[in-house]
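Derivation of every value follows stated rules applied to the coordinates shown; laboratory data play no part. This structure is a prediction, so every number in the text was calculated from the model and none was measured. Neighbour counts run over all protein chains shown; Cβ positions are idealised from the backbone, glycine included.
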Amino acid sequence: MIEQFRMYFAYPFVQYAMIVGVLIALCSSLLGVTLVLKRFSFIGDGLSHVAFGAMAIAAVVGVTDDMLLVLPITMICAVLLLWTGQNTKIKGDAAVAMISVGALAIGYLLMNLFPTSSNISGDVCSTLFGSTSILTLKFSEVVLCVILSIVVVTVFVFCYHRIFAVTFDENFARAVGTKVNRFNLLIAILIAVIIVLAMNLVGSLLVSALIIFPALSAMRVLKSFLSVTICSAVLSVCCATVGILLSIIYGTPVGSTIVAMDITAFIIFTIIGKIGGRS
Amino acid sequence: MGELICRNIALGYESTILVKDLNFEVQKGAYLCIVGENGAGKSTLMRTILHLQKPLAGEIVYGEGLHATEIGYLPQQTLVQRDFPASVQEVVLSGCQSRLGRHAFYTKEDKMRAAERMERLGITHLAKRCYRELSGGQQQRVLLARALCATERMLLLDEPVSGLDPKVTIELYELIRDLNQEGITVIMISHDILSAIQYADHILHIGAEVFYGTTEAYQNSPQGMGYLERGQRK
């Protein structure tokens, strides 16, 4: 088996997939805890649909680099949903549902009206489930992914205490003078970046699994914010690594294999939590 | 000059005005209870004092060098906190967040401060415990320790005893009284009128008619007598 891996890892595209997969898993798990606790789990899902719509637009308009269009559009929607979502007329979950389904429909409509290739359903499927895109990464995309990951992790580490404060008790944070809106905005932007990155790995339908599963698993067992954050990061990286390796060996779709690993981990952690809680 | 002065405040939201021309002044070291019916504007007033929302009219002035961000706030518990994985230490330390300034991490000094506040409230032994697994009374102590990290001068408490059993309620009231006697100004929203009269030295009753004055004056005022009677009957 090791021989087989050595053979596969001689190919640059496998190396790229591994690097990108691990980094994305790391980034996406960091903010998962905050999103789950703020009851924003579905924002990841909604935003990934937005990113899907944006990708369709990018394909129709014929932008050479998808990212240039997809990233800003997703960021704007993230800001709209997270930052202003709390005091608008349409409340949180309804706004998310509206934007996500709307973007999905428009995206699919555009792809059909202005087909860029003969195999539309294949295109749609790979955007939704990321079936092959991780294995077709270009060197420039890998570099971009590395840079963005470093930015996400750095920003997260430096804002860690404030993110905790804002997540735990927004009113208290505001009362003692923390610029809560600024940090909600920051969280929104980070989430958008992570989702656009993660779309390459698991496709837009499965992105939110990557964000929430590690956090939910860690929360079953651990009791402090720091330990939950670290554990979910480690867990996410492990699941992604195992998932990518398995998908290489058995030829399964990368995204769904990783998510299946995350689900397995969640079940294991739930059982551990139950046993640990009883004793 | 008082630490907190409210001048001609009007409270409410959008088109509804709940309270008009509210005037009062809180002296350093005072213990003020804000009482009134549900929906009279107690929480709105508290949010206004904390600068979480703007008054419809009038102004709030802080005196004696008190800054708005130096008020320790004990909010009502939120839904989020009920399944939040956080250790007691993390929660208390987050009370120091205004001291972070431009820095990303808490200093040793901040950690000492948090440890000292935990000691004062007798929760040091809980430091590593998970906040959501504590009893209601312990959780309130943790949040009180957090509020004390943010202030040395003024505490604002929003119905601190709601949901606590009688024994724990009394313990918490005594603790707050002790803090007040150490020189911290206390402003508390309360439904519990009898305890308010027992512990507070000033009462602010908001509703159709506003009363502000010492506790003795309140007990002899028509509003106070009416409200007390109803409170006792309950």
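Before moving on, here are some points about what is shown:
- For B:Gln27, residues with placed amide H under 5 Å, excluding near neighbours: B:Glu3
- Built amide H within the under 5 Å cut-off of B:Leu18, gap 5+: B:Leu11, B:Gly12, B:Tyr13
- Summed over all non-identical Cα pairs, the Kirkwood treatment of chain B gives a radius of 18.5 Å.
- Extent along principal axes [Cα atoms of the protein assembly as shown; Å; largest to smallest]: 88, 51, 42
- Estimated FRET transfer efficiency (B:Lys128, B:Val80; beta-carbon r; R0 22 Å; 0.05): 0.55
- Entries in A:Lys38/B:Lys108; A:Lys223/B:Lys108; A:Lys179/B:Lys128; A:Lys223/B:Lys128; A:Lys223/A:Lys274 that, when Cα-Cα distance is taken, lie over 18 Å: A:Lys38/B:Lys108; A:Lys223/B:Lys108; A:Lys179/B:Lys128
- At 0.890 mPa s and 25 °C, Stokes diffusion of the range A:141-279 via Kirkwood alpha-carbon radius, µm² per second: 149 µm²/s
- Degrees between helix B:136-150 axis and first principal axis of chain B (Cα, 0 to 90, nearest 10): 90 degrees
- Stokes-Einstein D (µm²/s) once Rh is taken as the Kirkwood radius of the range B:133-234 over alpha-carbon pairs, at 20 °C in 1.002 mPa s: 146 µm²/s
- Value at 222 nm in deg cm²/dmol, rounded to 500, when DSSP H runs of n ≥ 4 in chain B each add -39,500 (n - 2.57): -10500 deg cm²/dmol
- Under the membrane-span-like helix rule (DSSP H runs whose alpha carbons stretch at least 15 Å along the helix axis, mean Kyte-Doolittle hydropathy -1.0 or higher), chain A yields A:12-37, A:41-61, A:66-82, A:92-113, A:139-158, A:180-202, A:207-221, A:225-250, A:254-278.
- Average Cα contact separation per residue, chain B, under 8 Å, 6 or more apart, as relative contact order %: 26 percent
- Size estimate for the range B:2-76 follows the Kirkwood approach: the inverse of mean 1/r over distinct Cα pairs works out to 12.9 Å.
- To the nearest ten degrees, helix B:166-181 and the longest principal axis of the Cα atoms of chain B are 90 degrees apart.
- Cα gyration tensor shape of the range A:2-269, rounded if a/c is under 1.5, else prolate or oblate by comparing a/b with b/c: oblate
- With N as its number of residues, the range A:215-279 has a Cα radius of gyration that, divided by 2.2 N^0.38 Å, comes to 1.22.
- A simple rule links phi to the HN-Hα coupling: the Karplus curve 6.51 cos²θ - 1.76 cosθ + 1.60 with θ = phi - 60°, which for the range B:34-44 gives 9, 10, x, 5, 4, x, 7, x, 4, 5, 4 Hz, with x for Gly and Pro.
- Residues in the range B:116-128 carry Karplus couplings, in order, of 5, 5, 5, 4, 4, 9, x, 10, 4, 5, 9, 3, 8 Hz; the curve used is 6.51 cos²θ - 1.76 cosθ + 1.60 with θ = phi - 60°, and Gly or Pro positions show x.
- Remark on B:Tyr73: its backbone amide H falls under 5 Å from those of B:Leu156, a criterion applied only to residues 5 or more positions apart or on other chains, H modelled at 1.01 Å from N.
- Peptide-level mean, for B:131-140, of C-beta atoms on other protein chains within 10 Å: 1
- Rg over Rh, two decimals, the range B:48-150 (C-alpha only, Kirkwood Rh): 1.01
- Residue by residue, the range B:75-80 carries 3J(HN,Hα) couplings of x, 6, 5, 9, 4, 3 Hz when phi is fed to the Karplus relation 6.51 cos²θ - 1.76 cosθ + 1.60 (θ = phi - 60°); x denotes Gly or Pro.
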